[in-house]
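The block underneath contains the structure these notes are about, expressed in structure tokens.
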Amino acid sequence: MTRMDVYLDNSATTKVDQKVVEAMLPYFTERFGNPSSIHSKGVEAREAVERAREQVAKLINAKPSEIVFTSGGTESDNLAIIGAAKAANSDESKRNAVVCSNVEHPAVLNTCKDLVASGFSFSEAKVNSEGILKTSEVQSHISKQTAVASVMLANNEIGTIQPVAAVAKLCHEQGALMHTDAVQAVGKIPIDVKKLNVDLLSLASHKFHGPKGVGALFIREGVKIKPIFGGGGHERGLRSGTENVPGIVGLGAAAKIAAEDLSNDIPRMAALRNRLISGLSGLSRAFLNGSRDQRLPNNANMRFLGVEGEALITLLDEEGICASTGSACSSKKLRASHVLLALGLADWEAHGSLRLTLSRFSTKDEIDYALEKIPKAVTTLRRMSPVWAKLERGEKIEDVKDGGHIH
Amino acid sequence: MAGTYTELVMEHFKNPKNMGQMEDADGKGEVGNASCGDVMTVYIKVKGDRVADIKFQTFGCVAAVATSSMVTELAKGKTLDEAMKITRADVAEKLGGLPPIKMHCSNLAADALHAAIEDYRKKASE
Ligand SMILES: Cc1ncc(COP(=O)(O)O)c(C=O)c1O
Ligand SMILES: [Zn+2]
């Protein structure tokens, strides 16, 4: 097979749609005004921002007034959680606890942990071995002290979809706010904030074919949060700073396309993804990480025992395939990703994980190319692996949890 | 990805030298553990006082594989005393450098070689 460039890392970021680029371009040069200016250049920019707000609102069945633009997923998560925590703590309820799941993105996990320094208590609800949060587990973490709970709609590594509506119900019964990080879910599954019943929802443009550095936070009408930036009071006082007009226009255009194309994209991505999973499951000691069914249609996360992730990614990169791994061999004490460990996998099992994420631009030829190259790369690495040799001899691999190792 | 490694590191990773198991090894050194993501086994065959043959098996990242390959090249044909003097730094230097963040796994290669020689000497003195 001739060499191809195959991008299967769409959970990291996506290609900006050409139509999105074209929508953005005039806002760099001709329509460069500041939306706060009173003159015509300003009005033109303001209109563009408000049009984008409608487009984003429509994608998630919200009102335009419920959308605040931010610099991306990380900022939306921070604004939602810190903003809600601060607001709850300053009203008479004095709620002082935050909760999130143990598979959240660091933008949520670290934000929650950091609130401990401001006097909040923090607890983590744990997913099961399928990577799914059970409502009974969440329930034990939510009380009248909870200011905000944050449970992601879809996981960035294993693509598992959480029962967000059920968690929102539990939160509301206790008077707590519910936030969901929907950064990976937008453009991959239908999203309706009314059905999800969440108070706050984060999204990021670059994960669904929009530009980087722009995102939005949905804040349900009537929900009070405090801003995290001091400044000129843009975005109804919730997010000061001159709006990133071209970025916001791009986000709006991407949202419009996502809303229009989703019903076609889902079955197409799912069929290709299923082809990928079935093909790779044929390898020996190869397993899917995370639930097979409660999963984004574009995510395949496989583990190949006896292989280390970075080495696998590098071999695939040499073949033109871009993918990612849950193994980050970069710190002194190498740990596998917290998401894979949360599934109950041993470190050494998690190190052999490969995340392949599709987009609406993925093709059957690309998947077939990946299905030819991935097994070859796995075999190459297994041939040099003493861990694989042990597995083949039926020996046990010790899982050293803490210390006791040489380096 | 390839950008973080020198061409020589990539070359050793893609086409590792002396890779494989050795059934009748005189000395065997295994270091690291699978939990950390890096395990290396070095096997040596000794003739006279020299490393006559050497092989390695590695489960690990690009740096781990490349340093394993390089250390076997450096040790092959050397006397045991000379091979014991090959340092972690020698291996990294011969590869044209390694990203600082990768030093932890790169150190394993020299350690595995030394462990194999010690294993041989222990067996020989028994
Ligand atoms: C689930 C999730 N949340 C938040 C983020 C952060 O988004 P951004 O990079 O736009 O700040 C990401 C992106 O990696 C993500 O996958
Ligand atoms: Zn390593």
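The values are calculated or read from the model by the stated rules, or taken from the named source; none is laboratory data. Remember, it's a predicted structure, so these values are computed and weren't measured experimentally. Neighbour counts are summed over all protein chains in view; Cβ atoms, including those assigned to glycine, are modelled from backbone coordinates with ideal geometry. To get the accessible areas, we keep the full protein, side chains included, count just its heavy atoms, and leave off ligands, DNA and RNA. Shrake-Rupley method; radii C 1.70, N 1.55, O 1.52, S 1.80 Å.
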From the list B:Met22, B:Met40, B:Met70, pick out the single residue that is touching a Lys or Arg at 6+ places or on another chain (Cβ under 8 Å) and either at positive phi or within 16 Å of ligand 2 (Cβ to nearest atom) (or both).
-> B:Met70
For segment B:1-25, what are the residues that are farther than 25 Å from B:Lys45 by Cβ and within 11 Å of another protein chain (Cβ to nearest Cβ)?
-> B:Met1, B:Ala2, B:Gly3, B:Thr4, B:Tyr5, B:Val9, B:Met10, B:Lys14
Lone qualifier among B:Ala52, B:Ala34, B:Ala66, B:Ala25 - being out of contact with any Phe, Trp or Tyr (no Cβ under 6 Å at 6 or more places or on another chain) and away from ligand 1 (no atom under 16 Å from the Cβ) | B:Ala52
Would you please name the residue that is modelled with the highest pLDDT, looking only at residues in segment B:80-126 that are over 23 Å from B:Asp24 (Cβ atoms), open to solvent by 50 Å² or more (accessible area, probe 1.4 Å) and outside any helix (DSSP H, G or I)?
-> B:Lys85
Pick out, from segment A:240-357, the helices (runs of 4 or more DSSP H) lying fully within it that include 2 or more residues that are touching a residue at least 40 places away in the same chain (Cβ under 8 Å), over 25 Å from A:Ala389 (Cβ atoms) and within 14 Å of chain B (Cβ to nearest Cβ).
-> none
Pairs where the first residue, in segment A:365-381, is at pLDDT 95 or above and the second is of a type in the set (Phe, Trp, Tyr) and open to solvent by 30 Å² or more (accessible area, probe 1.4 Å), C-beta under 9 Å, 6+ apart | A:Glu366/A:Tyr7; A:Leu381/A:Trp388
Quick one: in segment B:26-41, which of the residues that are more than 10 Å from chain A (Cβ to nearest Cβ) and either without any contact (Cβ under 8 Å) to a residue 40 or more places away in the chain or assigned to a strand (DSSP E or B) (or both) is surrounded by the fewest Cβ atoms within 10 Å (Cβ to Cβ)?
-> B:Lys28
Looking at (1) away from chain A (no Cβ under 14 Å); (2) buried (at least 17 other Cβ atoms within 10 Å of the Cβ), which is the only condition B:Asp49 fails?
-> (2)
Set A:Leu381, A:Leu345: member being within 23 Å of B:Tyr43 (Cα to Cα), among the aliphatic types (A, V, I, L, M) and in the same structural domain as A:Ala311 (by TED's automatic domain parsing) | A:Leu381
How do the helices (runs of 4 or more DSSP H) wholly within segment A:1-99 filter down when requiring 1 or more residues that are open to solvent by 70 Å² or more (accessible area, probe 1.4 Å) and either over 15 Å from A:Gly210 (Cβ atoms) or among the aromatic types (Phe, Trp, Tyr) (or both): which remain?
-> A:40-59, A:73-90
Test A:Val68 against the stated conditions and say whether it is of a type outside the set (S, T, N, Q), within 16 Å of ligand 1 (Cβ to nearest atom), in contact (Cβ under 8 Å) with a residue 24 or more places away in the chain and under 25 Å from A:Glu260 (Cβ atoms).
-> yes
Kindly indicate whether B:Lys47 is over 28 Å from A:Glu398 (Cβ atoms) and out of contact with any Leu (no Cβ under 7 Å at 6 or more places or on another chain).
-> yes
Given the structure, is A:Asn128 part of a loop (DSSP other than H, G, I, E, B) and open to solvent by less than 60 Å² (accessible area, probe 1.4 Å)?
-> yes
In the set A:Glu157, A:Glu92, A:Glu137, the lone residue that is within 16 Å of ligand 1 (Cβ to nearest atom), more than 14 Å from every other protein chain (Cβ to nearest Cβ) and among the charged types (D, E, K, R) is A:Glu157
Look through segment B:69-79, keep the residues that are outside any strand (DSSP E or B) and open to solvent by less than 60 Å² (accessible area, probe 1.4 Å), and return whichever of them is farthest from ligand 1 (Cβ to nearest atom).
-> B:Gly77
Does segment A:219-254 hold any residues that are under 17 Å from A:Ala48 (Cα atoms), in contact with a Ser or Thr (Cβ under 9 Å, 6 or more places away or on another chain) and of a type in the set (A, V, I, L, M, F, W, C), and which are they?
-> A:Ile248, A:Leu251, A:Ala254
